[in-house]
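Novice: Dropping the structure in here first, questions after.
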Amino acid sequence: MKNWKKNKDNRYINLFEKLYDVYGPQKWWPADTPFEVVIGAILVQNTSWKNVERSIKRLKPYLSHPKKLAQLPEETLAQLIRSSGFYRVKAKRISAFLRWFQQYDYEFDRVKKDGEKLRNELLEINGIGNETADVILLYVFHVPVFIADRYARTIFQRFGIHVPPTYEEFRKQVEFHFPKDAILLNEFHALLVTHGKTYCKKKPICEKCPIQNICQRRFTS
DNA sequence: GTCCTGGTGG
DNA sequence: CCACCTGGAC
């Protein structure tokens, strides 16, 4: 471990440390149970978390018992999650996940596979794509993966790090240069989302940005 | 590229 | 009024 940093680009860990200094520990994912993580991950697809919170509240009685949620008619489920937008497709996606989950008796502990196998299995579920699969892997199963979402892409690009075009290439690049540690990757994603929501938005607020002194963007525009 | 969609903030 | 939101399928 002494030479861990060999061939590594230390800008990734430096950025992490800077964000951690600024925002502190994020204590993610915001959910009471692992099942709630999955539901939140599906509901938040292309949607602001604020709109997801209401849906989560309405679903609360079912979230401690996935089986009960599985018994709901899909239309009823759709109405419960209306506030999250795309509610019909998302109801289908939750149903698809529940069908997969049923073969494990709705127990995450019964899902015993290595990360790559589990990842492929999750990706086969209709409505679970790269990002949602990685959220589940990291925040439910504690598999050390980097969630290569839009915030990460935007922040890294502005920061001055070259970002590959595809999700997978991007994910693997970060995983090469950053410690393969689920706790650190957990915190990294959370910090990137917080930073992205607060300053590094589509229209960034660079003047007030707490990391502007180490960001390349101040030179380009 | 287009569709899916309500809620929030500008 | 409009633009955008921690995507994914087709």
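Novice: Report yes if some residue within segment A:27-38 is more than 16 Å from the chain's Cα centre (by Cα) and among the basic types (K, R); otherwise report no.
Specialist: Checked segment A:27-38: no residue is more than 16 Å from the chain's Cα centre (by Cα) and among the basic types (K, R).
Novice: Among the candidates A:S64, A:S55, A:S48, single out the residue that is small (G, A, S), within 27 Å of A:D109 (Cα to Cα) and surrounded by fewer than 17 Cβ atoms within 10 Å (Cβ to Cβ).
Specialist: Being small (G, A, S), within 27 Å of A:D109 (Cα to Cα) and surrounded by fewer than 17 Cβ atoms within 10 Å (Cβ to Cβ) holds for just one of A:S64, A:S55, A:S48, which is A:S64.
Novice: Tell me which residues, restricted to segment A:75-117, are of a type in the set (D, E, K, R) and either open to solvent by less than 30 Å² (accessible area, probe 1.4 Å) or within 16 Å of DNA strand C (Cβ to nearest atom) (or both).
Specialist: A:R82, A:R88, A:K90, A:K92, A:R93, A:R99
Novice: Got a sec? Which of A:P66, A:P61, A:P34 is in contact (Cβ under 8 Å) with a residue 40 or more places away in the chain and over 25 Å from A:K180 (Cα atoms)?
Specialist: Values: A:P61 fails: in contact (Cβ under 8 Å) with a residue 40 or more places away in the chain; A:P34 fails: over 25 Å from A:K180 (Cα atoms).
Selected residue: A:P66, the only one of A:P66, A:P61, A:P34 that is in contact (Cβ under 8 Å) with a residue 40 or more places away in the chain and over 25 Å from A:K180 (Cα atoms).
Novice: Separate question: Which of the numbered conditions does A:Y199 fail, given that it passes all the others? Conditions: (1) over 24 Å from A:L123 (Cα atoms); (2) among the aromatic types (F, W, Y); (3) modelled with pLDDT of 95 or more; (4) away from DNA strand C (no atom under 16 Å from the Cβ).
Specialist: (4)
Novice: Looking at segment A:141-155 only, could you name the residues that are part of a helix (DSSP H, G or I) and open to solvent by less than 10 Å² (accessible area, probe 1.4 Å)?
Specialist: Residues satisfying the conditions are A:A152, A:I155.
Novice: Condition first: open to solvent by 30 Å² or more (accessible area, probe 1.4 Å) and more than 13 Å from A:V22 (Cα to Cα). Now tell me which residues in segment A:188-203 satisfy that.
Specialist: A:K197, A:K201, A:K202, A:K203, listed by residue number.
Novice: Checking A:D32 against (1) farther than 24 Å from A:I147 by Cα; (2) among the acidic types (D, E); (3) part of a loop (DSSP other than H, G, I, E, B), only one condition comes out false. Which one?
Specialist: A:D32 satisfies every listed condition except (1).
Novice: Pull up segment A:76-104, narrow it to residues that are near DNA strand B (Cβ under 10 Å from one of its atoms) and assigned to a loop (DSSP other than H, G, I, E, B), then point me to the one that is nearest to A:L63 (Cα to Cα).
Specialist: Looking at residues that are near DNA strand B (Cβ under 10 Å from one of its atoms) and assigned to a loop (DSSP other than H, G, I, E, B), I get A:I81.
Novice: Looking at (1) modelled with pLDDT of 95 or more; (2) open to solvent by 70 Å² or more (accessible area, probe 1.4 Å); (3) not assigned by TED's automatic domain parsing to the domain that holds A:F178, find the lone condition where A:D21 falls short.
Specialist: For A:D21, the failing item is (3).
Novice: Output the residue which, of all residues in segment A:105-126 that are assigned to a helix (DSSP H, G or I) and hydrophobic (A, V, I, L, M, F, W, C), is nearest to A:P66 (Cα to Cα).
Specialist: Going residue by residue through segment A:105-126, those that are assigned to a helix (DSSP H, G or I) are A:108-110, A:115-123.
Checking the rest, the ones that are also hydrophobic (A, V, I, L, M, F, W, C) come to A:108, A:118, A:122-123.
Details: A:F108: 11, A:L118: 20, A:L122: 17, A:L123: 20 Å.
Ranking the qualifying residues of segment A:105-126, first place goes to A:F108.
Novice: Return the residues of segment A:162-187 that are open to solvent by 60 Å² or more (accessible area, probe 1.4 Å) and part of a helix (DSSP H, G or I); say none if nothing qualifies.
Specialist: A:E169, A:K172, A:F176, A:I183
Novice: A follow-up question, please. Going by the structure shown, is A:K68 charged (D, E, K, R) and on the phi > 0 side of the Ramachandran plot?
Specialist: no
Novice: Based on this model, can you work out whether A:R11 counts as at pLDDT 95 or above and near DNA strand B (Cβ under 9 Å from one of its atoms)?
Specialist: In short, no.
Novice: Return the residues of segment A:1-18 that are part of a helix (DSSP H, G or I) and surrounded by 14 or more Cβ atoms within 10 Å (Cβ to Cβ); say none if nothing qualifies.
Specialist: Result: A:R11, A:Y12, A:I13, A:L15, A:F16, A:K18.
The values are calculated or read from the model by the stated rules, or taken from the named source; none is laboratory data. If you're wondering where the values come from, they're calculated on a predicted model, not measured in any experiment. With ideal geometry, Cβ positions are generated from the backbone for all residues, glycine too; neighbour counts draw on all protein chains shown. Only protein heavy atoms, including side chains, enter the accessible area calculation; ligands, DNA and RNA are left aside. Shrake-Rupley method; radii C 1.70, N 1.55, O 1.52, S 1.80 Å.
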